[in-house]
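Coordinate-derived values only; no laboratory data. What you are looking at is a predicted structure, and each value in this text was computed from that prediction instead of being measured. So basically every Cβ, Gly included, is an ideal-geometry build from the backbone, and we count neighbours across all protein chains shown.
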Amino acid sequence: MSLPFQLPETFAQISRYKILYPTPSPIHPLPSISQARVSPHHPLISVYAKREDHSSPLACSGNKYRKLEYIVPDILSQAPIYHYHENNPSPPGPLNGPATTLVTEGAIQSNHTVQVAALARKLGLNALILLHRGTGGGLRAASDKEAFQRNGNVQINRLLGAEVRICEQGDPLARDATPVLDELKASGQNPYWIPGGASLHPLGGLGYARAAFEIAGQEKEMGLSGSGRFDYIFVACGSGSTVGGLVAGFKLLEKLGEKPRRIIGILNSPTQPLAYHEERVLRFAKKAGSLIGLHGGDIRVQDVKLDDRFVGSAYGVLDDQGKETLEVMAQTEGMILDPVYTSKVARGMMHWVKERDVAEPGSDDINVLFIHTGGQAALGAYLDNA
């Protein structure tokens, strides 16, 4: 399917390495989650899922592959620019030659690390993964901690041939992994650092800015009722650039004459206050916007809508509400969520739909899109409490 919108020239000229399938990730209806029209004053609320877990032929498909598409051209260039750790107080100049090793980090059951490791295999590069025991509460909540550190995404990282290093809580590498990069350079390698979630990479928001155009194209083909577009789009807000990229992309579409959509980021961690995440997402949206042709004032704080009511007790902890959401989606729609991100997003989205917070009495039919960002492989580490 070709997009009915041409990317504006500024956006279209940004280099992209294709990791996704040539056709958009599918969107399909979720009738059991939708809300029927109960009266003329209570409109039909139709819910759909965009399956980013079906977007790429590489292992454990999910949202990070979209981000990585815009990072790969720098990785493969003769002098990669953005290869250093974001907290390095003295950022070095470009690498002398293409990268030979991708280095990244995440929590023990990080989905991002698996997608970086799979990308490294695809590109013929090495991968070194730093997994932090102190990130989130998944490890602390696990009854079998050894199994949690062996199964799920950890197992897949190793199966992909990545070198996995486990970092203890408080390890300085969680703040700045520059010593690891220096170690690799000393051994003759050209390491390329990809921040956790790829969000702090200068190009990290571009993938989901482009996804906004993909969604707009799919809307046209679907013939949606009501406004003819997705009035609300729900997505996980973790590191933040998936939400920020969507905000930037849809804001650019507004400048091209499209009507607005409301992007709702469901937070999955209570570690930082809501204001922290709002500022972070706004910063990512503005950065992506500046690259694709938007101006500084085009994206405002009012464009960032986050909901922190469904974070649970800690990042990575599957609580009773999360288990219930996993079961409901599996047993009504045959769709498997992940225990860290999409279970919380789906729970939040279903709350908004059930309470009809997405519609005012007397409004037109409402279309809601839930973005499934993948991550199901982590379920293998949650077998004792799933």
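Note on ILE336/THR23: beta-carbon distance plugged into 1/(1 + (r/R0)^6) with R0 of 25 Å gives a FRET efficiency of 0.70. GNM on the chain, alpha-carbon springs under 10 angstrom: the most fluctuating residue among ASP303, ASP231, ASP357 is ASP357.
Could you list TYR48, TYR208 so that the one with the fewest beta carbons within 10 Å of its beta carbon is first and the one with the most is last? Mind showing how you got there, number by number?
Values: TYR48 24, TYR208 30.
The fewest-first ordering by Cβ neighbours comes to TYR48, TYR208.
Shape of the chain from its Cα gyration tensor (a ≥ b ≥ c, root eigenvalues): rounded if a/c is under 1.5, otherwise prolate when a/b > b/c, or oblate? Verdict is oblate for the chain.
To the nearest 500 deg cm²/dmol, what mean residue ellipticity at 222 nm is calculated for the chain from DSSP H runs of n ≥ 4 alone, each contributing -39,500 (n - 2.57), summed and divided by the residues?
On the way: 13 runs with 130 residues, N = 386.
It comes out at -10000 deg cm²/dmol, rounded to the nearest 500.
For a straight C-alpha distance cut-off of 21 angstrom, the lysines reachable from LYS323 (same-chain residues fewer than eight places away being disregarded) are LYS145, LYS344, LYS354. Projecting the Cα atoms of GLY226, ILE19, GLN6 onto the charge dipole of the chain (Cβ charges, centred on the Cα centre) puts GLN6 farthest toward the positive pole. Excluding same-chain neighbours fewer than eight residues apart, the lysines reachable from LYS18 by a Cα-Cα span under 18 Å are LYS64, LYS67, LYS122. Candidates ILE129, ALA174, GLY204 compared by Cα position along the dipole of the chain: farthest toward the positive end lies GLY204, with charges placed on Cβ. The modelled label-to-label distance for the pair GLU183/ARG165, using points 7 Å beyond Cα in the direction of Cβ, is 0.3 nm.
Once both axes come from the Cα atoms, what is the angle between helix 342-354 and the longest principal axis of the chain, in degrees from 0 to 90, rounded to 10? Helix 342-354 and the main axis of the chain meet at about 20 degrees.
Each Lys and Arg Cβ is given +1 and each Asp and Glu Cβ -1; about its Cα centre, segment 71-198 then shows a dipole of about 320 debye.
Note down the relative contact order for segment 71-198 as a percent, whole number, built from C-alpha pairs under 8 angstrom at least six residues apart. Here the relative contact order equals 34 percent.
Quote the FRET efficiency, to the nearest 0.05, computed for VAL301 versus ARG356 with a Förster distance R0 of 25 Å and r equal to the Cβ-Cβ distance. Efficiency at R0 = 25 Å is approximately 0.45.
Once the Cα atoms are used to define both axes, helix 274-292 deviates from the longest principal axis of the chain by about 80 degrees. To the nearest ten degrees, helix 241-255 and the longest principal axis of the Cα atoms of the chain are 50 degrees apart. Here's the picture: a label point sits 7 Å out from the Cα of GLN13 along the beta-carbon direction, and within segment 55-93 nothing has its amide nitrogen under 12 Å of it.
Please get the size of the charge dipole for the chain, origin at its Cα centre, with Cβ charges of +1 on Lys and Arg and -1 on Asp and Glu, quoted in debye to the nearest 20.
Details: 38 positive and 39 negative charges, 108 e Å.
Charge dipole, the chain, about its Cα centre: 520 debye, nearest 20.
Projecting the Cα atoms of ILE71, HIS112, ASN88 onto the dipole axis of segment 71-198, where Lys and Arg carry +1 and Asp and Glu carry -1 at the beta carbon, places HIS112 farthest toward the positive end.
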